[in-house]
Structure formats: structure tokens, C-alpha cells
1. Taking only DSSP H segments of four or more residues, each worth -39500 (n - 2.57), what value at 222 nm results for the chain once the sum is divided by all its residues, to the nearest 500 deg cm²/dmol?
2. Rounded to the nearest 20 Debye, what is the dipole magnitude of the chain about its Cα centre when Lys and Arg each give +1 and Asp and Glu each give -1 at the C-beta?
3. Which cysteines does the chain leave without a neighbouring Cys Cβ under 4.7 Å?
4. Taking every DSSP beta bridge with both residues inside the chain, roughly what % is antiparallel (nearest 5)?
5. Any of 25/57; 33/114; 27/138; 20/139; 33/59 with alpha carbons more than 27 Å apart? Name them for me.
6. Using the Kirkwood formula on the Cα atoms of the chain, what hydrodynamic radius do you get, in angstrom to one decimal?
7. Would the range 42-114 count as rounded, prolate or oblate if I go by the C-alpha gyration tensor, calling it rounded below 1.5 in a/c and otherwise prolate when a/b exceeds b/c, oblate otherwise?
8. Compare the Cα positions of 105, 18, 137 along the charge dipole of the range 2-140 (+1 at Cβ of Lys, Arg; -1 at Cβ of Asp, Glu; about the Cα centre) and return the one farthest towards the positive end.
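Where a number appears in this text, it was derived from the coordinates with a stated rule and is not lab data. In this text the structure is predicted, and so the values were computed from the model without any measurement. When we count neighbours, we look across all protein chains shown, and the Cβ atoms used for this are built from the backbone with ideal geometry, even at glycine.
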Amino acid sequence: MLYVATDHAGFELKEDLLKKLARSKIKYTDLSKKFQEGDDYPDVANLLANQLKVEPKAKGIAICGAGQGICIALNRYTWIRAGIYQKREVIRLLRAHNDGNVLCLPARFMNSTKAIKLIKVFLNTPYSSEERHARRIKKIS
């Protein structure tokens, strides 16, 4: 399952993105169904983190204005390994080497067309589970 969460800054991107996810037949749950002006990304991060604690194999997409704040807030939780968008190869490494379970997107710096391409890379890249990567993940969990 894919969970999508955003604060007010990412709400418009999220709405466009959900349409593209549906067209791509990617199953998701929207954790931020209502626009809430002035909401705080740490609260959104908490909502997503708690959902992923209940479903450890699930993945998340987290959106805020720059992507940084929500990423920082998510990484407070030991079961979260969130990374912010950079480029496709970095997203592949987030999944393959770090078993990343949340991709953070900057709403102010991308559109839904670019976002859906990156999400597909994120979802389609398997974790390598090599010993060195597993050892490092264990140290941060």
C-alpha cells in the first residue's frame, strides 16, 4: 500500500498526483483529504509515520513546500527512512541501499508529471538486502 500525506503547501500537487496514481493503477490511500490552511508538516509527518508503523511493508509519499521539513520530521521515527527527491539515481539508491520507505517531494519545485515518474522509480526499485546495507539500517533503527 502507498500512503500519501501533505501539508497545505503540497495540497494542490497531491490532488494532481492522486489522479495520475489512479490512472497508473497504483493503489494508494490519501491521508490528507481536506485542505487545512496553516497546518504544520510535523503533524502530517506524525500521521504518516504512525500509519507506516502499523503497516511496515507499506510506503509513503510526503509532500510539503520544499520537502525538507517533512523529511526531517519523518526521520525522527526509528521505523522511517525518508529521503527527499533529488534525481532518479538517488531515489533508486534510497530504496536499494537504505530500504527507504518514504519519498519526500517539494511542492514548490515540481509538478505532478515529474512527481509520478519519480514515484514509479521509488516503488519499482527493490531493496537489495545486502549484508552491509542491512547492517547499517539496523544501526539506525
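1. The helix-only estimate for the chain comes to -14500 deg cm²/dmol at 222 nm.
2. 720 debye
3. Lone cysteines by the Cβ rule: 64.
4. Values: 0 of 16 bridges.
Percentage antiparallel, nearest 5: 0.
5. Working: 25/57 19 Å; 33/114 22 Å; 27/138 29 Å; 20/139 36 Å; 33/59 18 Å.
In this structure, 27/138; 20/139 lie more than 27 Å apart at Cα.
6. Across the chain, the inverse of the average 1/r is 14.8 Å.
7. It comes out oblate by the Cα gyration axes.
8. 137
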